[in-house]
Amino acid sequence: MSEATPNLNHPSMTRAQVVDAYFMEHRARLLDVAAFLDRIDRAGSGTDDFRMNAYRGAIALLLDGKPERTRRILELLSDPSTTPIAAAHVKGATGAHNPIGKVH
Amino acid sequence: MYIDPHVHMVSRSTDDYVHMARAGCVAITEPAFWAGYDRSSPQGFFDYFRQLTESEPRRAAQYGIRHHTWLCINPKESEDPVFAREVIALIPEFLKKENVLGIGEIGLNKNSRNEMEILEAHLQLASDHNLLVLVHTPHLEDKLKGTLLILDAIRRFPKLDPGRVLIDHVEEHTAKHVLDRGFWCGMTLYPDTKCTPQRAVDIIETYGSERIWMNSAGDWGHSDPIAVPKAQMEMRRRGHLESLVRQVTFGNPQRFLSQSGRFSAEPLQPTAPDITR
């Protein structure tokens, strides 16, 4: 296992120590993701809505080998428009941008 | 010892106060927010502002916790500008209450034109009275757009010093935008949305600890009023110095909030319940 360059605000953990500290909880979360996708498959036929399309796109970002995965996934899930909408007809959010038009 | 600078205690139980006090909470600030339903009249907000400035400080004091508040009509109830302006007109008479730190949590929810109009009305009020500002940024897919719209809106009020404005609920895609413009930023520790304690510590490690705090934003939804001490544990788990833990969970909120001239985190002897009320 290689050693990480110490961060100014993160002086003491090596790459190996990060894995030692967090592997088990993130192994569990990885299995939760897999189980979620399996659950959708078992639910039968149908097509993914915009949320699951975004979710699968986010999974691809995890594997592209580039840094700042969290920021890039959050940006992928975000509304890319830049001007206020005419009116808010709902209060809630869905967790992913709907590219074919919002319900509000 | 810690400060929770954003928690909605009117929605929490006395058990929560006990758990927070035992975990080391010495002071809180409670922004005005959405009750989970729309109030039917401005009078409903008048009563809410009395709760925030009169009864909730007494309740917190029974647990040795100093209570402060922020006033506004929240963006989820800002879609009717006439109604919202009637509520804003109530705020000045409450500004003289000793636990009021400023205007908050204002901002945007769905990034609509009416929400923006009322955000600007609040910013004008804060500018006119030289008040601190606590800003809510939208949820989930609306956060990035809303944060950028809010930062541009604040820029239109040159009397508002970015060092006296805190942009809350930042995540990895918004923290840098906020910090680069000179504002303070808050990270909200939620079980499902916003930041986990682990991600909040990641953000500190990535963007630094100078103008940043953590809060629980505990309310009537799925939330954890002792999330801040859990983040302290996460920092210690990674080997961060105790001085850094104290800075981001006590020193930083104390530094920002003290600009109001009304904030105190001095030890408070728990008071007896007032049986006359």
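See the values below:
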quantity: Within segment A:8-88, helices (runs of 4 or more DSSP H) holding 2 or more residues that are within 14 Å of chain B (Cβ to nearest Cβ) and closer than 29 Å to B:ILE150 by Cβ; calculated: A:50-62, A:69-76
quantity: Test set (1) within 14 Å of chain A (Cβ to nearest Cβ); (2) touching a strand residue (DSSP E or B) at 6+ places or on another chain (Cβ under 6 Å); (3) within 15 Å of B:ILE106 (Cα to Cα) - B:HIS139 fails condition number; calculated: (2)
quantity: Residue match in segment B:111-121 (condition: more than 14 Å from every other protein chain (Cβ to nearest Cβ) and either touching a helix residue (DSSP H, G or I) at 6+ places or on another chain (Cβ under 8 Å) or more than 28 Å from B:ARG12 (Cβ to Cβ) (or both)); calculated: yes
quantity: Residues satisfying the stated conditions in segment B:1-35, i.e. without any contact (Cβ under 8 Å) to a residue 12 or more places away in the chain and either of a type in the set (Gly, Ala, Ser) or not in a helix (DSSP H, G or I) (or both); calculated: B:SER13
quantity: Test: residue in segment B:65-73 that is surrounded by fewer than 21 Cβ atoms within 10 Å (Cβ to Cβ) and either free of Cβ contacts under 8 Å to residues at least 40 places away in the same chain or outside any helix (DSSP H, G or I) (or both); calculated: yes
quantity: Selected residue (criterion: surrounded by the most Cβ atoms within 10 Å (Cβ to Cβ)) from residues of segment B:228-256 that are within 16 Å of the chain's Cα centre (by Cα) and under 19 Å from B:GLY218 (Cα atoms); calculated: B:VAL228
quantity: Residue check for B:GLY24: surrounded by fewer than 18 Cβ atoms within 10 Å (Cβ to Cβ), among the small types (Gly, Ala, Ser), out of contact with any Cys (no Cβ under 9 Å at 6 or more places or on another chain) and closer than 24 Å to B:ASP168 by Cα; calculated: yes
quantity: Identity of the residue in segment B:179-199, of a type outside the set (Phe, Trp, Tyr) and under 16 Å from the mean Cα position of the chain (by Cα), that ends up surrounded by the most Cβ atoms within 10 Å (Cβ to Cβ); calculated: B:GLY186
quantity: Helices (runs of 4 or more DSSP H) enclosed by segment B:179-277 - at least 2 residues per element that are more than 14 Å from chain A (Cβ to nearest Cβ); calculated: B:227-237, B:252-257
quantity: Sole exception among (1) small (Gly, Ala, Ser); (2) on the phi > 0 side of the Ramachandran plot; (3) out of contact with any Pro (no Cβ under 7 Å at 6 or more places or on another chain) for B:GLY24, by number; calculated: (3)
quantity: Residue list for segment B:74-125, filter: touching an Asp or Glu at 6+ places or on another chain (Cβ under 6 Å) and hydrophobic (A, V, I, L, M, F, W, C); calculated: B:LEU108
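Every number in this text was worked out from the coordinates using simple rules, so none of it is lab data. Just so it is clear, the structure is predicted and the values come from calculations on it, not from any experiment. Note that each Cβ is placed from the backbone with ideal geometry, even for glycine, and that neighbours are counted across all protein chains shown.
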